[in-house]
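Okay, structure first, notes after.
Read-outs: derived from the displayed coordinates by stated rules, not from any lab. This is a predicted model, so every value here is computed, not measured. For neighbour counting, all protein chains shown are included, and Cβ atoms are generated from backbone atoms with ideal geometry for every residue, glycine included.
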Amino acid sequence: MAQFMKGHELSSRIIRVVKDETDRLGKIGIRAGLALVLVGQDRSSYMYYQAIQSAAVRAGIDIFNHTLPESSTLNDILNLIKTLNNDERASGILVFLPLPRHIDTRKVMNSIASEKDVDGQGSISVGRLATDESTSQLFEPGFAVAIKSTFLPCTPYGVMRMLEHYGIEPKGKKAVVVGKSLAVGKPLAMMLLAREATVTVCHRETADLGAETRQADILCSATGRPGLITAGMVKNGAVVVDIGINVLDNGETVGDVDFEPVAKKASFITPVPSGVGPVTIAILMKNTVISAKRMVGVG
């Protein structure tokens, strides 16, 4: 039976460090603030939205909520982000994905000022990751290093921190990433490459998904398709990282992995929702404080 890779311990450790930092900044009159932009009523986004607000209270970070209806136009969203880019109270801006289908997601993400792109989703942040300009954070994940760079995308970076926390070394391992989104799959593949794993990225056009996943020493899935990864698709002893968040009609939250059967074959596995998610949020808190320090030139 696999060891469960739960994120709460690591998340709490990161948030304690962030709280120490916000307390220190507060003594010199500096507040860290995070602007949240939620468009529509996606259930998984709303869960994430609530969890971030709870973590921000513990971290000492101000939250500025902005909710827009599903019918909002691209210009409605861009105008809001322009305002937030110029709002000195907002150290960071997070737009929840997925956006409604009629919205050009890349235009929205690229409209966030790079210095406030605390989730690392804009083209500048992703581009620097692709050219190895920000991967030093994977090896030295402290405030001092990150303040000199753009931000790594929080969810894939959360995966890397989870692997590190549980003593799982990607170097020399075969890693398979299922899902090629710019939010998770692609940056995670680049981070694993930076840690010298041999990486395969699978997607909906992969001819035989099971043939690929059965080769994985480290298997990561981020597709939003419940039950996609079954026990027959997993090698004995593999590390399985489930990044999918799916809210079923009965209100239950599950990942991409058929959890119980896969847990019997894996060596490590992340449960959903208490696996990668808490670490992702803690890193978002840390990035927000880094941005606040950068904005006022405080080390």
Query raised in the report: In degrees from 0 to 90, rounded to the nearest 10, what is the angle of the helix 276-296 Cα long axis to the longest principal axis of the chain?
Result: 30
Requested in this report: Please compute the net charge surrounding ASP117, taking Lys and Arg as +1 and Asp and Glu as -1 over other residues with Cβ under 15 Å from its Cβ.
Outcome: +3
Query raised in the report: When only Cα pairs under 8 Å and 6 or more residues apart are kept, what is the percent relative contact order across the stretch 1-153?
Result: 21
Report task. List the relative contact order of the chain as a percent without decimals, with contacts defined as Cα pairs under 8 Å and 6+ residues apart. Result -> 23
Report task. Work out Dmax and Rg for the stretch 156-276 from the C-alpha atoms and quote the Rg first, both in angstrom. Result -> 13.0, 41
Requested in this report: Just subtract the alpha-carbon distance of ASP208 and MET47 from 0.36 nm times their residue separation and send over the number in nm, one decimal.
Outcome: 54.7 nm
Report task. Arrange TYR48, TYR157 by Cβ neighbour counts within 10 Å, fewest through most, would you? Result -> TYR48, TYR157
Query raised in the report: Using alpha carbons only, how many degrees (0 to 90, rounded to 10) separate the axis of helix 43-59 from the longest principal axis of the chain?
Result: 60
Query raised in the report: Which of GLY158, ASN236, PRO261 sits closest to the plus end of the dipole of the chain, meaning its Cα is farthest towards the positive end, when Lys and Arg get +1 and Asp and Glu get -1 on the C-beta?
Result: GLY158
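Within 10 Å of each residue's Cβ, count the other Cβ atoms and sort VAL241, VAL57 from fewest upward.
Ascending number of Cβ neighbours within 10 Å: VAL57, VAL241.
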Report task. Enter the angle in degrees (range 0 to 90, nearest 10) between the Cα long axis of helix 8-26 and the first principal axis of the Cα atoms of the chain, meaning the one along which they spread out most. Result -> 10
Query raised in the report: Using Cα pairs under 8 angstrom and six or more residues apart, how large is the relative contact order of the stretch 30-113, in percent?
Result: 44
Query - Sorted peptide list for 176-188, 247-259, criterion being average Cβ within 10 angstrom, highest first - result: 176-188, 247-259
